[in-house]
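The values are calculated or read from the model by the stated rules, or taken from the named source; none is laboratory data. Quick caveat: nothing in here was measured; it's all calculated off a predicted structure. Please note: Cβ atoms are built from the backbone with ideal geometry, for glycine as well, and neighbour counts cover all protein chains shown. Please note that ligands, DNA and RNA were not included when accessible areas were found on the heavy atoms of the full protein model with its side chains. Shrake-Rupley method; radii C 1.70, N 1.55, O 1.52, S 1.80 Å.
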Amino acid sequence: MPESALRVAVVCSSNQNRSMETHSVLSKKGFCVRSFGTGTHVKLPGPSPDKPNIYDFKTTYQQMYNDLESKDKELYTQNGILHMLERNRRLKPRPERFQCCRDHFDVIVTCEERVYDQVVEELHARDEVTFQSVHVINADILDNHEDATLGAFLICEICQCVREMLPGS
């Protein structure tokens, strides 16, 4: 089976940190991967925990970057948010909601239990089209840069194992 034959989706809440770090790692390893969020809005840390930056899913990573850079470049450089947005914009233009995608995936990996529940609920609510199975796996990953990186490598190992089990691999 060619390296890109396994279709993988990675899902977190805002399609910013955990899913995008995994998207980056998997794409470098030759996987056919897309990443998503399940939230109603994109939330990024703000100047304090009770003042997050909230964006619509239609907002591009570049627009978020420009907005945060103009608000407080030093803060968002120090906490790694601008670096994260730079990575994100190299991978795709904007965050995407899982609920808006109708593509078929062989494996969907979620990054927290609440997101897993939302993905499974969404899949059950959809009309059957292909009648192909999908494996939904949850890997609880804390939403910080270090754990996102460690989680991305763990998910990559899982996907490599799944790929090796497929016929023709």
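Results, tabulated for the structure shown:
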quantity	calculated
Highest-fluctuation residue, 66, 15, 88 considered, GNM on the chain with Cα pairs under 10 Å	66
Alpha-carbon centroids, segment 1-45 and segment 85-100: separation in whole Å	9
Gaussian network model of the chain, springs between alpha carbon atoms under 10 Å - residue of 39, 151, 80 with greatest fluctuation	80
Relative contact order %, the chain, counting alpha carbon pairs below 8 Å whose residues are six or more apart	30
Amide proton proximity set for residue 108, modelled H, under 5 Å, gap of 5+	9, 135, 136, 137
Accessible carbon and sulfur surface of the chain relative to its total accessible area, %, 1.4 Å	52
Mean Cα-pair separation over length for segment 1-55, i.e. relative contact order, pairs under 8 Å, 6 or more apart, %	35
For the chain, size of Cβ-based charge dipole, Lys and Arg +1, Asp and Glu -1, in debye	620
GluC sites (Glu not before Pro) within segment 61-162, DSSP loop, no more than 12 other Cβ atoms inside 10 Å	128
Solvent-accessible heavy-atom area per residue, rounded to whole Å², over segment 30-140 at 1.4 Å	58
Length added when fully stretched, residue 144-residue 51, from 0.36 nm per residue minus Cα-Cα	31.7 nm
Rg over Rh, two decimals, segment 91-151 (C-alpha only, Kirkwood Rh)	0.99
Principal-axis tilt of helix 145-165 within the chain, Cα atoms, nearest 10 degrees	10
Simple spin-label estimate for residue 66 and residue 157 in nanometres, 7 Å along Cα-Cβ	4.2
Degrees separating the helix 113-125 axis from the principal Cα axis of the chain, which is the longest one	50
Inter-label distance for residue 132 and residue 73, nm, one decimal - labels placed 7 Å from Cα along Cα-to-Cβ	4.7
Free-standing Cys, the chain [no other Cys Cβ under 4.7 Å]	32, 100, 101, 156, 159, 161
Given charges at Cβ of Lys, Arg, Asp, Glu: the chain dipole, positive-most of 6, 162, 49	6
P(r) weight above 19 Å for segment 1-133, C-alpha pairs, percent	51
Helix 18-28 axis, angle to the chain major axis (alpha carbon atoms, nearest 10°)	60
